[in-house]
1. Tell me the net charge near Ala74. Cut-off is 12 Å between Cβ atoms, Ala74 excluded, with +1 for each Lys or Arg and -1 for each Asp or Glu.
2. Work out, step by step, the length gained on full extension between Ala37 and Ala160: first 0.36 nm times the residue separation, then minus their alpha carbon distance; give nm to one decimal.
3. Looking only at Ser119, Ser50, Ser97, which one moves most when the chain is put into a Gaussian network model with springs between Cα atoms under 10 Å?
4. For the stretch 123-136, just list the computed ³J(HN,Hα) in residue order, Karplus coefficients 6.51, -1.76 and 1.60, θ = phi - 60°, integers in Hz, with x standing in for Gly and Pro.
5. Given +1 on the Cβ of Lys and Arg, -1 on the Cβ of Asp and Glu, and no further charges, what dipole in debye does the chain carry about its Cα centre, rounded to the nearest 20?
6. How long are the semi-axes of the equivalent ellipsoid of the stretch 91-176, defined as square roots of 5 times the Cα gyration tensor eigenvalues? Whole Å, largest first.
7. If each DSSP helix of 4+ residues adds -39,500 (n - 2.57) and the sum is divided by the residues in the chain, what number results at 222 nm, nearest 500 deg cm²/dmol?
8. What would the Debye formula give as log10 I(q)/I(0) at q = 0.15, 0.20 Å⁻¹ for the alpha-carbon point model of the chain, no solvent?
Amino acid sequence: DSMKSAVVAWALDQSADIANDVWGLQRDPGMAELVAARRAPVVIMHNRDSADPAVDIMQDIADFFARSLDIAAAAGILPDSIVLDPGIGFGKTPEQSMTVLARLGELEIFGMPLLVGASRKRFISTVTPSEPDQRLGGSIAAHLMAAQNGARIIRAHDVAETVQALRVAAAIREQE
């Protein structure tokens, strides 16, 4: 994760395979050019300077992604190398983070894979008070909902447990 092209360049030089811009190519003017020049896959994450409960968060994310994708196209980043991340917990109220998870499928209009990283996020503790290392159940619940609603990539701290939950959920869905 970075928002600085110099950091991403260093990481790519060290054999990183993917650039992950936590400001969706919108903060560092050199980021899109770097990603295009290196032909690196990129995660474009939605972010806000601060949470605002009055914002229609889904419209804000859609507008943000549209701007980011315009920047990517202008730099020559190929669409099939882009993953979109709605940025659970970044510049969002806990309620907005849950709204994003519930309505994630609306972002499929962009035609790109969706990544969700809800693991141990603060919004979980607003539902069930807990410290980050006590949020496994909430993290799995959030990731199951994300996968059900369109996420194709899950970023998790507790990988084995998350994979197990996702596989069981998929096996159950196959029985429908």
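1. Working: positive: Arg67; negative: Glu33, Asp70.
So the environment of Ala74 carries a net charge of -1.
2. Values: separation 123, 0.36 × 123 = 44.28 nm, distance 3.52 nm.
Residue separation times 0.36 nm, minus the Cα-Cα distance, leaves 40.8 nm.
3. Checking each option, the largest mean-square fluctuation is seen for Ser50.
4. With coefficients 6.51, -1.76 and 1.60, one gets 4, 4, 6, 7, 8, 9, x, 6, 7, x, 6, 10, 10, 4 Hz.
5. Details: 16 positive and 23 negative charges, 44 e Å.
That gives a dipole near 220 debye.
6. Numbers: eigenvalues 81, 61, 23 Å².
Its equivalent ellipsoid spans semi-axes of 20, 17, 11 Å.
7. Details: 7 runs with 80 residues, N = 176.
After summing the helix terms and dividing by residue count, I get -14000 deg cm²/dmol.
8. Taking Cα atoms of the chain as identical point scatterers yields -0.87, -1.34.
The values are calculated or read from the model by the stated rules, or taken from the named source; none is laboratory data. Being a predicted model, the structure only gives us computed values, none of them experimental. Using ideal geometry, Cβ is built from the backbone for each residue, glycine included, and neighbour counts are taken over all protein chains shown. Surface accessibility is based on the protein's heavy atoms, side chains included, excluding ligands, DNA and RNA. Shrake-Rupley method; radii C 1.70, N 1.55, O 1.52, S 1.80 Å.
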